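Each reported figure results from applying straightforward, stated rules to the coordinates on display, with no laboratory input. Quick caveat, the model's predicted, so the values are computed rather than measured. Cβ sites come from the backbone with ideal geometry, for glycine too, and all protein chains shown count toward neighbours.
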Amino acid sequence: MSDETGAAPFRIPAEFVRYAVALEPAEVAYGYVAGWVSAEDAVRLAFLRRCDLREHAGDFERLAALEPSAPGLGVLCRRLADSCADAGRVWAHLAVSWACSHPDEQRDRLLGGLERPALGPDSGGMRPSGAGRDEFLVGRATSGRGMNWQSGSALLGTDRPEEVDAAFDRGEDLVGVAVIGLALQHPDAEAILPRVARALESTDGGLRHQGRVALAHVARLHGTVDRRCLELLKSHPRGSEADDDLWGYVPRRRLPWWLWRHHLRERPAWNLRDRWRH
């Protein structure tokens, strides 16, 4: 596109950004204007945040509606970035975090490119900041700013575990939908299963059921389970979708005796029904 963008020392992939922070519109815009993300990734980040917020998407909707090659993208991004004096702070945090996610030699090379002009004023040290994570991810999740918690369709796109933790703490009515969304969207089962466990141990029957649905998705998509979820599932009614998908997709040597007993007891009945039908 014809609009020139800043010369950040490297690009930060959208797939890293989306899990690391909950961006505001001016921050997405600043990331593109400063050169931290490409036009394609800026539009993608805006689209993902639009999905998070649905009818509350505002400027994310306008950003996501533009083609990466559209001249208007640079114009809109500059206007949004200029409207917030602090929009660059999150990118200082993301730049250091992205650099430090690499092996030593590559990490040092990336950090070496982060001179003060690239980071901006008041950028902090050259190691990932716990304060930055608390402000840009956990704090926004805790306040409910990261997701639209009245929209079930938005929550099925949840991909930040911290959003689910904060929703449990706030007692959100649709937290079970978010647990299912996390199971469908997040790439790491180790990040999903502790939140599934919180649903499974609930005293609310609806939330317990949503925990079983989420656990079934984890088994089907990731082929794994943890001990805590199995311990909690034992007290649930047998024959659920979680029982079936654990048996079907997780290596059986990892499954407990009570799940073996349930399925082996059911098998003769299945065989008898199959013979009767034929």
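Observations, loosely collected:
- Among the trypsin sites (Lys or Arg not before Pro) in the range 1-67, those placed in a DSSP loop whose Cβ has at most 16 other Cβ atoms within 10 Å are Arg11.
- Listed residues Ala197, Leu174, Gln150: farthest to the positive end of the dipole of the range 138-208 (Cβ charges): Gln150
- Sparse packing (at most 16 other Cβ atoms within 10 Å of the Cβ) combined with a DSSP loop state is found for the following GluC sites (Glu not before Pro) in the range 22-123: Glu115.
- Cα gyration tensor, the range 127-258 - rounded (a/c under 1.5), prolate or oblate: prolate
- Folded to 0 to 90 degrees: helix 71-82 orientation relative to the chain principal axis, Cα: 80 degrees
- In this Cβ point-charge picture (+1 for Lys and Arg, -1 for Asp and Glu), the chain has a dipole of about 1500 debye about its Cα centre.
- Cα long-axis angle, helix 189-200 against the chain (0 to 90 degrees, to the nearest 10): 60 degrees
- Between the helical axis of 89-100 and the longest alpha-carbon principal axis of the chain there is an angle of about 60 degrees.
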